[in-house]
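The values are calculated or read from the model by the stated rules, or taken from the named source; none is laboratory data. Computed from a predicted structure; not experimentally measured. Cβ coordinates were reconstructed from backbone atoms using ideal geometry, including for glycine residues, and neighbour counts include every protein chain displayed. Note: accessible area is taken over every heavy atom of the protein model, side chains too, but ligands, DNA and RNA are not part of it. Shrake-Rupley method; radii C 1.70, N 1.55, O 1.52, S 1.80 Å.
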Amino acid sequence: MSTTALDTQDAQDSRKPTETAGRHAGGQQVTFPRVVHMEWIKLRSLRSTLYTLAITVALVIGFGLLFSSVVGSGDGPGEDDFGDPTSISLGGVMLAALAVAVLGVLMSAGEYATGSIRATLAAVPSRLPVLWGKVTVFAVVSFALMLVAVLGAFLAGQSVMSSRGLETTALSDPGVFRALVGAAVYLTGAGLIGLAVGVLLRNTAGAITLVVGSLFVVPGLIQLLPSSWNDAIGPYLPSNAANAVMTVRTASDSLSPGSGLAVFAVYIVVLLAGAAVLFKRRDA
């Protein structure tokens with residue numbers, strides 16, 4: 001074989017990885033919609049995912065009904081313990097955020113625990129579409145489901161409080177619909193934070209511990225600090241910032257709904273950006 005022929009063959013061989021980098025083993029082009037479809041199949045085919053989503057919905061509606069049934073009865077919290085009737089119906093959101101945050105961790109770190117992340121990255125060598133596919137599927141499914149859950153909790157809770165002669169509010173009242181959408185955003189955001197931390201740590205137990213500590217333990221510990229520290233730090237914690245979005249009557253020491261949403265979004269964006277950088281650089 002001549003030198004020219006060998007050079008031509010080498011050039012063709014050198015192009016093969018580039019030409020096949022965007023294709024999986026089946027020979028089909030790897031596109032972002034196909035990656036999203038792959039992540040959707042993963043999400044809906046895992047029983048643990050379906051169970052966790054069902055538990056999250058049950059917590060939102062169940063605790064909303066529970067608080068609506070016992071508030072002001074003398075055996076439970078008083079109406080003054082909540083900022084407004086909407087907050088009573090959304091009493092289960094904070095606990096549900098724990099479940100959805102764990103689901104976010106399992107969706108990312110779980111693949112490292114089982115080793116399936118290697119097969120995923122072999123199918124999608126460019127990597128980042130996998131992360132954005134997970135984020136897209138999780139955000140869409142979670143927000144749609146959580147919005148239905150908080151609407152159900154609100155309508156059922158207000159009906160119960162009305163039957164008990166307590167103050168109620170309507171969906172059309174100022175700030176109510178924004179608070180309900182804010183609750184769905186908070187639940188979705190908590191899951192995205194869990195997903196990002198799962199990618200960053202690649203360890204399920206460590207990621208769950210960090211997310212639970214950051215979202216649910218630290219806000220309580222901050223209240224033990226001097227009031228000047230609490231006033232300066234507390235409103236900017238992720239759960240407190242999100243709480244400003246899902247309350248109708250914002251407390252004087254809380255951020256405004258717009259500022260709270262912006263602060264909460266910054267946490268999510270920064271964590272996902274960090275996860276994207278490390279996901280691209282590190283070995284599977």
Point to revise | Gained length - S73 relative to Q29, 0.36 nm times residue gap less alpha-carbon distance | key: 9.6 nm
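Which FRET efficiency value, to the nearest 0.05, is calculated for W229 and L128 with the Förster distance at 30 angstrom and r the Cβ-Cβ distance? Intermediate values should be presented prior to the final figure.
Numbers: r = 39 Å, r/R0 = 1.29.
E between W229 and L128, to the nearest 0.05, is 0.20.
Can you give the FRET efficiency for I222 and A273, using 1/(1 + (r/R0)^6), R0 = 22 Å, r = Cβ-Cβ distance, to the nearest 0.05?
Working: r = 25 Å, r/R0 = 1.15.
It comes out at approximately 0.30.
Return one whole number: the accessible area per residue of the chain in Å², for a 1.4 Å probe.
On the way: 13910 Å² over 284 residues.
Averaged over the residues of the chain, the accessible area is 49 Å².
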**Study point:** Cα gyration tensor shape for segment 141-241, rounded if a/c is under 1.5, else prolate or oblate
**Key:** oblate
Review point. So what's the gap between the Cα centers of segment 200-242 and segment 138-163, to the nearest angstrom?
Key: 25 Å
Practice item. In Å³ and rounded to a whole number, note down the convex hull volume per residue for the Cα atoms of the chain. Key: 158 Å³
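Which value, in debye to the nearest 20, gives the size of the charge dipole of the chain about its Cα centre, when Lys and Arg are +1 and Asp and Glu are -1 at the Cβ? List each step's numbers first, then the result.
Numbers: 17 positive and 16 negative charges, 227 e Å.
Rounded to the nearest 20 debye, it is 1100 debye.
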Point to revise | Gyration tensor verdict on segment 63-155 (Cα atoms; rounded if a/c is under 1.5, prolate if a/b is larger than b/c, oblate otherwise) | key: prolate
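Take the Cα pairs of segment 79-133, get the Kirkwood Rh, then feed it into Stokes-Einstein at 25 °C and 0.890 mPa s and tell me D in µm²/s.
On the way: Rh = 14.1 Å.
Roughly 174 µm²/s, to the nearest whole number.
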Check your understanding: What is the gain in length, in nm to one decimal, between A205 and A54 on full extension, counting 0.36 nm per residue of separation less the C-alpha to C-alpha distance?
Key -> 52.2 nm
Point to revise | Pairwise label distance in nanometres, H37 with D283, each label 7 Å out on the Cα-Cβ vector | key: 3.3 nm
Check your understanding: Each label point is 7 Å from the Cα along the Cα-to-Cβ direction; what then is the distance between the points at V266 and S159, in nm?
Key -> 4.2 nm
**Study point:** Dipole-positive endmost among T250, T114, G104 within the chain (Cβ charges, Cα centre)
**Key:** T114
Point to revise | Residues in segment 244-284 reached by a label modelled at T114 [backbone nitrogen below 18 Å; 7 Å Cα→Cβ] | key: 284
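Output the relative contact order of the chain, whole-number percent, from Cα pairs under 8 angstrom with separation of 6+ residues.
Working: 381 pairs, mean separation 62.9, N = 284.
Reported as a whole number, the value is 22 percent.
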